[in-house]
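Chemist: Pasting in a structure now, in structure tokens, and then I'll have a few things to ask.
What follows draws every value from the coordinates through simple rules; no lab data is involved. Every value quoted in this text rests on a predicted model; they were computed, and no experiment measured them. Methodologically, a virtual Cβ is constructed for each residue, glycine included, from the backbone with ideal geometry; neighbour enumeration extends over all protein chains shown.
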Amino acid sequence: MTIIAIDGPAASGKSSVSKRLARRLGFSYVNSGSMYRAVTWELLRQSVDPLNPDSVRTSLDSMELGCGFTPEGESFIRINAQVPDAELKESVVNNNVSTVSAIPAVRHLIVARLRALVNERDVVMEGRDIGSAVFPDAPHKFYLDASPEIRRLRRAAEGQTDSIDLRDKQDSSRAEAPLQVAKGACVVDTSHLTLDGVVEKISQLLAVAGLHPR
Ligand code: DC
């Protein structure tokens, strides 16, 4: 199975680029951030305090977290028999997801699910630690970045109001699997590129590496 890892900070363009790239290549698309969001959403729904790692761990013990693919090849998440979607973008989830994702037990649970997913098919997987920790041997790794100003503008255009600066700071400074440029990753600055421009650039780099659309 071939894995293309796309990491980077919030609003660097990862989701749109990864989805489009996956479609172009005939790969499946996995948004690992949705898993962290789903766990955060469920913890909050159960009134578990994200700042209390012991309570989080207790809740994880009985949490049923599953994921798979839709017929269109996109990943979906099932958590305690629910399939959250729009809820994952709620402000309360935005504001707590970095705290929850810094808890090692949460990461271990999700990383195990992500690794199991790629047994099924070729994937473009986006996140923060895909190339550095989840699949350090992935043959194709990219790190998308953009200036903080541009990322803030993109976020606002999406109607999202979370503080990406704070989230990036938390995601980069946590002890386990922090946001970083993975060894061997190609850094792409998307600040002044269109979505098509980024996909084109990555496709060209993949073609040079011998990976072509099916
Ligand atoms: O990609 P996103 O903004 O939906 O991710 C939400 C949060 O999940 C992000 O702030 C940190 C966490 N995350 C992570 O720790 N590791 C990943 N591979 C993906 C996301």
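Chemist: Which whole-Hz ³J(HN,Hα) couplings does the stretch 68-78 yield from phi under the Karplus relation 6.51 cos²θ - 1.76 cosθ + 1.60, θ = phi - 60°, glycine and proline marked x?
Modeler: Those phi angles translate into x, 10, 6, x, 7, x, 8, 7, 10, 10, 10 Hz.
Chemist: 5 Å is the cut-off here: which amide hydrogens, built 1.01 Å from N in the peptide plane, fall below it relative to Gly127, excluding neighbours closer than 5 in sequence?
Modeler: Distant-sequence amide H within range of Gly127: Ile6, Asp7, Gly8.
Chemist: Quick one: compute a quarter of the convex hull surface over the Cα atoms of the chain and quote it in nm². Numbers along the way, then the final one.
Modeler: On the way: hull surface 44.3 nm².
The Cα convex hull of the chain, projected and averaged over all directions, gives 11.1 nm².
Chemist: Please give the charge dipole size of the stretch 99-214, origin at the Cα centre, charges +1 on K and R Cβ atoms and -1 on D and E Cβ atoms. Round to the nearest 20 debye.
Modeler: Numbers: 16 positive and 16 negative charges, 49 e Å.
The calculation lands at about 240 debye.
Chemist: Spelling out what I want: for every residue of the stretch 32-39, take phi, set θ = phi - 60°, compute 6.51 cos²θ - 1.76 cosθ + 1.60 (Karplus), and round to whole Hz; glycine and proline get x.
Modeler: So the J values, rounded to whole Hz, are 5, x, 5, 5, 5, 5, 5, 5.
Chemist: Out of Ile130, Ile150, Ile103, any idea which swings most in a Gaussian network model of the chain, alpha carbons joined below 10 Å?
Modeler: Ile150
Chemist: Please order Met35, Met63, Met1 by the number of other Cβ within 10 Å, starting at the fewest.
Modeler: Numbers: Met35 25, Met63 17, Met1 11.
Ranking Met35, Met63, Met1 by Cβ neighbours within 10 Å, fewest first, gives Met1, Met63, Met35.
Chemist: Still on this model: Test of understanding: ordering Ser203, Ser47 by Cβ neighbours within 10 Å, fewest first, what list do you get? Numbers along the way, then the final one.
Modeler: On the way: Ser203 17, Ser47 8.
Exposure proxy ranking, most exposed first: Ser47, Ser203.
Chemist: If you put +1 on each Lys and Arg Cβ and -1 on each Asp and Glu Cβ, how big is the dipole of the chain around its Cα centre, in Debye rounded to 20? Present the calculation step by step, with values, prior to reporting the outcome.
Modeler: On the way: 26 positive and 27 negative charges, 79 e Å.
For the chain, the charge dipole is close to 380 debye.
Chemist: Sticking with this structure for a sec: From Cα pairs below 8 angstrom and at least 6 apart in sequence, can you work out the relative contact order of the chain, rounded to a whole percent? Working shown, then result.
Modeler: On the way: 333 pairs, mean separation 75.7, N = 214.
Computed over the chain, the figure is 35 percent.
Chemist: Next up: State, to one decimal in nm², a quarter of the convex hull surface area for the C-alpha atoms of the stretch 169-214, i.e. the direction-averaged projected area. Can you show the working numbers first?
Modeler: Numbers: hull surface 19.4 nm².
That works out to 4.8 nm², a quarter of the Cα hull's surface.
Chemist: In what order do Val118, Val188 fall by count of nearby beta-carbon atoms within 10 Å, going from fewest to most? Write out the running numbers ahead of the final one.
Modeler: Values: Val118 18, Val188 21.
The fewest-first ordering by Cβ neighbours comes to Val118, Val188.
Chemist: For Phe69, which sequence-distant residues (separation of 5 or more, or a different chain) have an amide H within less than 5 Å of its own amide H, given hydrogens modelled in the peptide plane?
Modeler: Phe76
Chemist: Using only helices, what value at 222 nm comes out for the chain when you add -39,500 (n - 2.57) per DSSP H run of length 4 or more and divide by the total residues, to the nearest 500 deg cm²/dmol?
Modeler: -13500 deg cm²/dmol
Chemist: Putting +1 on Lys and Arg Cβ atoms and -1 on Asp and Glu Cβ atoms, find which of Val198, Tyr143, Ala157 reaches farthest to the positive end of the dipole of the chain.
Modeler: Of the options given, the answer is Val198.
Chemist: For the chain, find the longest principal axis of its Cα atoms and tell me its angle to the long axis of helix 91-101, 0 to 90°, nearest 10.
Modeler: Roughly 90 degrees between the two axes.
Chemist: Of all beta bridges DSSP finds with both residues in the stretch 1-130, what is the antiparallel percent, to the nearest 5?
Modeler: Details: 6 of 16 bridges.
For the stretch 1-130, the DSSP antiparallel bridge percentage is about 40.
Chemist: While we're looking at this one, here's another question. Filter Lys19/Lys169; Lys19/Lys141; Lys89/Lys183; Lys141/Lys201 down to the pairs with a C-alpha to C-alpha distance above 21 Å, please. Each step should come with its number before you reach the end.
Modeler: Details: Lys19/Lys169 25 Å; Lys19/Lys141 15 Å; Lys89/Lys183 30 Å; Lys141/Lys201 13 Å.
From the list (Lys19/Lys169; Lys19/Lys141; Lys89/Lys183; Lys141/Lys201), the Cα-Cα distance tops 21 Å for Lys19/Lys169; Lys89/Lys183.
Chemist: Let me ask something else. I'd like the Karplus ³J(HN,Hα) series for the stretch 49-61: coefficients 6.51, -1.76, 1.60, θ = phi - 60°, whole numbers in Hz, and an x wherever there's a Gly or Pro.
Modeler: For the stretch 49-61, the Karplus curve yields 6, x, 7, 10, x, 5, 5, 4, 4, 4, 5, 5, 4 Hz.
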